[in-house]
1. Conditions first: (1) of a type in the set (V, I, T); (2) under 30 Å from F212 (Cβ atoms); (3) at pLDDT below 90. I97 passes all but one, so which condition is the exception?
2. Restricting to the range 53-75, name every residue that is in contact with a Cys (Cβ under 7 Å, 6 or more places away or on another chain) and either surrounded by 15 or more Cβ atoms within 10 Å (Cβ to Cβ) or within 18 Å of W242 (Cα to Cα) (or both).
3. Take the residues in the range 212-231 that are surrounded by 16 or more Cβ atoms within 10 Å (Cβ to Cβ) and free of Cβ contacts under 8 Å to residues at least 60 places away in the same chain; name whichever of them is nearest to G199 (Cα to Cα).
4. What about R119, is it touching a Pro at 6+ places or on another chain (Cβ under 7 Å) and either among the aliphatic types (A, V, I, L, M) or at pLDDT below 95 (or both)?
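The values are calculated or read from the model by the stated rules, or taken from the named source; none is laboratory data. None of the values given here were measured: they were computed from a predicted structure. Note that each Cβ is placed from the backbone with ideal geometry, even for glycine, and that neighbours are counted across all protein chains shown.
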Amino acid sequence: MTKASERKERGLIFTGKSPLLIRQDKKWVTRRLVTLIDFKQTDTPGYDWCFRDKKTSCWNDVRTARLLEAYCPWKVGDRFYIKETWAEIEAADPLNIKYRADTTKLQETRGDYDAQKWRSSMFMPRRAARVYAEILEVRLERVGDITSEDAIAEGCYLDSEFSDSRRGDMYVVPSRLGGQWCANPRAAYQEWWEDLHAGWKPKKVNGSTHYFSYPWSADSAPSIPKNGDPRHYHVLPNPHVWVFKFQKLPHPAQLLLPEPGL
């Protein structure tokens with residue numbers, strides 16, 4: 001566990017309805033892609049994993065403990081605040097901040113909040129954050145190894161209002177809240193993962209633009225565009241992911257409030 005003196009606090013981006021699910025205590029685990037180059041299990045005796053150095057392209061062999069210690073972006077004990085899509089309605093009032101995760105489809109359709117006012121989660125300052133959390137557990141696995149229990153912890157919760165004797169238990173797909181359900185949480189998480197990661201994502205490689213897809217399986221990989229160069233398109237099915245379990249912390253502003261009765 002990270003010592004208090006070494007503990008880091010940074011922003012961590014959550015998209016879509018994830019911030020809302022966390023606030024409602026329906027999500028307490030998140031999976032993030034391992035971005036090490038050519039990351040895979042190694043055949044080198046005495047080591048578990050290997051990957052290429054970003055600068056030299058030389059191979060590195062590491063044991064799992066060293067991998068988590070030196071190359072995982074988050075450690076047990078680290079803290080983060082959620083960065084999400086937001087809008088500062090009145091710049092003069094720092095408390096008048098709206099969050100896109102809270103908006104309903106009706107509000108979006110009516111244009112209650114001008115789309116041009118929404119700001120990217122990437123540029124959200126700490127002062128605008130409303131959720132703080134601490135990392136409790138870190139591990140490495142393939143995304144397809146997720147259990148039903150972990151899928152629920154990711155936010156694919158049982159929708160008691162939509163479930164009935166005819167449909168049976170139905171679990172929400174967080175990227176399609178109110179629009180799609182699945183009969184088991186793993187299937188719901190698979191749909192969510194595909195929505196987030198199966199599409200082509202551009203990335204600079206040696207000065208050229210390459211496109212990467214991280215689908216649940218090779219069967220769900222997207223097609224290469226008609227005029228695309230196959231050498232620049234890479235499908236990495238069932239990728240390795242960092243798994244972070246976390247717990248919410250009191251908002252810093254709450255810590256400044258007087259105790260009840262004082």
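1. (2)
2. If the condition is that a residue be in contact with a Cys (Cβ under 7 Å, 6 or more places away or on another chain) and either surrounded by 15 or more Cβ atoms within 10 Å (Cβ to Cβ) or within 18 Å of W242 (Cα to Cα) (or both), then N60, D61 are the ones that fit.
3. As a first pass, look at the range 212-231 and keep what is surrounded by 16 or more Cβ atoms within 10 Å (Cβ to Cβ): 212-216, 221.
Filter once more, so that each one left must be free of Cβ contacts under 8 Å to residues at least 60 places away in the same chain: 212-213, 215, 221.
Numbers: F212: 8, S213: 6, P215: 8, A221: 8 Å.
Among those that are surrounded by 16 or more Cβ atoms within 10 Å (Cβ to Cβ) and free of Cβ contacts under 8 Å to residues at least 60 places away in the same chain, it is S213.
4. Considered against the rule, which asks whether it is touching a Pro at 6+ places or on another chain (Cβ under 7 Å) and either among the aliphatic types (A, V, I, L, M) or at pLDDT below 95 (or both), R119 comes out as no.
Residue by residue, here is whether (1) more than 30 Å from E149 (Cα to Cα); (2) part of a loop (DSSP other than H, G, I, E, B); (3) in contact with a Ser or Thr (Cβ under 8 Å, 6 or more places away or on another chain) holds:
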residue	(1), (2), (3)
T15	no, yes, yes
L21	no, no, no
N60	yes, no, no
E69	no, no, no
